[in-house]
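For reference, the structure discussed in these notes is given below.
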Amino acid sequence: MPDKIAIAIHGGAGTILRSTMTPELQLQYEGGLQAALDAGYAVLDGGGSAVDAVAVAVASLEDFPLFNAGKGAVFNHIGQHEMDAAIMNGKTLEAGAVCGVAHVKNPVLVAKEVMLHSGHVMLGGQGAEEFARQRNMQVEEDAYFYTQQRYNQWQDALKEDKVQLDHTDKKFGTVGCVALDKEGNLAAATSTGGLTNKKFGRIGDSPVIGAGTYANNHTCAISCTGVGELFIRSVVAYDISCLIDYKGLSLKDACNLVVLDKLVKIEGEGGLIAIDKDGNIEMTFNSEGMYRACKDSNGRNEVLIYKE
Ligand code: ASP
């Protein structure tokens, strides 16, 4: 029975430059990442499941206002927060997702409820919110999700009439987690507020199983961040799983092929975190930076932001 445990998280990829970061802000980001990493790792260390670990870590990132998920989610065109999230169990291939959902404090926890108790895989909009209320999930007023920084970004985007990637400096703030538990099971979860000023009920890749989120014990667990439309069209997470499954690629080679070659060719900026059944971790991105961190039972503990 394998007992190595490992976990990786991300807080979004994009144009994240040392030149535009203050030391204080960097410390805040690093603190948010380490806290989420530790919360997820503690679940694994206590013998908990990979599914529970990714849910706990992503919920921690959702509660952290600097990332674009849960509190701190971006504003859509009409000043609302519409969030997407997904979770997948690599052992059973069960999955749950919510899209375009408002008011729920932790979309990833609702996605987990969808997986376990709805009989469906994906619930959207008002139906997802209604389901969350029925399951007694925590809901919040609009004011809970408000942050001045996101409001200012939305106002700027409105003035220029453009749909914007998280920050004015083109950064994706989606969060995600992948984990391997003591039983050798894999899981993945992703959560996002999507794009600033998004219209028409736009849904990104994060809640789409196989695109932004995927887990399968035989191959790997993946959580993505980047231009959602291109990640959906490239079926990124499942593509990596297939390259391992059908072509025998290593996790590293599969991630490099998809993120550094296939996505680059179609200008699919972004990245992903990945973990395989042996506890190998990859944190691959084709952008300037990606908020990311990982920890395993061999003593590895990394919190990184920029390209090294
Ligand atoms: N992938 C997300 C989306 O398109 C954005 C992000 O990664 O921040 O909704």
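The values are calculated or read from the model by the stated rules, or taken from the named source; none is laboratory data. Note that the structure is predicted; figures quoted are calculated from it, not measured. Using ideal geometry, Cβ is built from the backbone for each residue, glycine included, and neighbour counts are taken over all protein chains shown.
Kindly check whether there is at least one residue in the range 96-113 that is away from the ligand (no atom under 16 Å from the Cβ), in contact with a helix residue (DSSP H, G or I) (Cβ under 9 Å, 6 or more places away or on another chain), in contact (Cβ under 8 Å) with a residue 12 or more places away in the chain and more than 23 Å from Arg133 (Cβ to Cβ).
no
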* Asked: Can you find a residue in the range 185-192 that is under 25 Å from Asp3 (Cα atoms), surrounded by fewer than 24 Cβ atoms within 10 Å (Cβ to Cβ) and more than 10 Å from the ligand (Cβ to nearest atom)?
  -> yes
* To do: Any chance you could count how many residues in the range 129-154 are in a helix (DSSP H, G or I) and either of a type outside the set (S, T, N, Q) or at pLDDT below 95 (or both)?
  => 16
* Scanning for something touching a residue at least 60 places away in the same chain (Cβ under 8 Å) and under 18 Å from Thr190 (Cβ atoms), does the range 226-244 turn up at least one residue? -> yes
* Structure fact -> Those residues of the range 260-274 which are over 25 Å from Leu66 (Cα atoms) and either crowded, with 21+ Cβ neighbours inside 10 Å or touching a strand residue (DSSP E or B) at 6+ places or on another chain (Cβ under 9 Å) (or both) amount to Leu260, Leu263
* **Search result, residues across the range 217-240 that are more than 22 Å from Phe67 (Cα to Cα) and surrounded by fewer than 24 Cβ atoms within 10 Å (Cβ to Cβ)** => Asn217, His218, Arg233, Ser234, Val235, Tyr238, Asp239
* From the set of residues in the range 256-302 that are under 16 Å from the mean Cα position of the chain (by Cα) and more than 16 Å from the ligand (Cβ to nearest atom), which is nearest to Tyr41 (Cα to Cα)? -> Cys294
* To do: Give me a count of the residues in the range 287-306 that are buried (at least 19 other Cβ atoms within 10 Å of the Cβ) and more than 19 Å from Gly271 (Cα to Cα).
  => 1
* Of the conditions (1) buried (at least 24 other Cβ atoms within 10 Å of the Cβ); (2) farther than 22 Å from Glu30 by Cβ, Glu282 fails just one. Which one is it? -> (2)
* To do: Taking the options Ile244, Ile203, name whichever one is surrounded by fewer than 24 Cβ atoms within 10 Å (Cβ to Cβ), within 10 Å of the ligand (Cβ to nearest atom) and either of a type in the set (A, V, I, L, M) or assigned to a loop (DSSP other than H, G, I, E, B) (or both).
  => Ile203
* Asked: Restricting attention to the range 10-35, and to residues there that are within 16 Å of the ligand (Cβ to nearest atom) and not β-branched (Val, Ile, Thr), which single residue is surrounded by the fewest Cβ atoms within 10 Å (Cβ to Cβ)?
  -> Tyr29
